[in-house]
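Attaching a single structure in structure tokens format; questions to follow.
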Amino acid sequence: MESMTIDTPPLEQHLADVISKIIQRKDAEHRYPTYTDSVEILNQVHEDAKEALNNMCRSKILTFHKTLNGISFEFTPPK
């Protein structure tokens, strides 16, 4: 199964890629049914967002701060 490629907005393209990868993984593992539900999709998108935020912090694009309720982000001020 292939993901969408026709002038799709970036977020929709990412979601199509996530769905495709989940279905392909299930098929390769012989797990049926091979469709995916919203929880699996959102869990993967959450992991992708965390990875992107971590990469942006490592690249000094973002600065993170620990707060009482979690973590906040801001663009790193120029030096």
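The values are calculated or read from the model by the stated rules, or taken from the named source; none is laboratory data. This one's a predicted model, so the numbers in the text were calculated from it and none came from an experiment. FYI the Cβ positions are ideal-geometry reconstructions off the backbone, even for glycines, and counts take in every protein chain you see.
Among LYS79, LYS50, which is basic (Lys, Arg) and either at pLDDT 95 or above or surrounded by 10 or more Cβ atoms within 10 Å (Cβ to Cβ) (or both)?
Every option except LYS50 fails the conditions.
Still on this structure: In region 33-79, which residues are in a strand (DSSP E or B) and touching a residue at least 12 places away in the same chain (Cβ under 8 Å)?
Those that are in a strand (DSSP E or B) and touching a residue at least 12 places away in the same chain (Cβ under 8 Å): LEU62, THR63, PHE73, GLU74, PHE75.
Looking at the structure I just gave you, is THR76 touching a Lys or Arg at 6+ places or on another chain (Cβ under 7 Å) and not basic (Lys, Arg)?
Yes.
Please indicate, with yes or no, whether at least one residue in region 1-20 is part of a strand (DSSP E or B), surrounded by 10 or more Cβ atoms within 10 Å (Cβ to Cβ) and out of contact with any Gly (no Cβ under 8 Å at 6 or more places or on another chain).
There is no residue in region 1-20 that is part of a strand (DSSP E or B), surrounded by 10 or more Cβ atoms within 10 Å (Cβ to Cβ) and out of contact with any Gly (no Cβ under 8 Å at 6 or more places or on another chain).
Follow-up. Kindly provide the set of residues from region 53-70 that are loosely packed, with under 11 Cβ neighbours inside 10 Å and within 24 Å of PRO10 (Cβ to Cβ), ordered by number.
If the condition is that a residue be loosely packed, with under 11 Cβ neighbours inside 10 Å and within 24 Å of PRO10 (Cβ to Cβ), then ARG58, SER59, LYS60 are the ones that fit.
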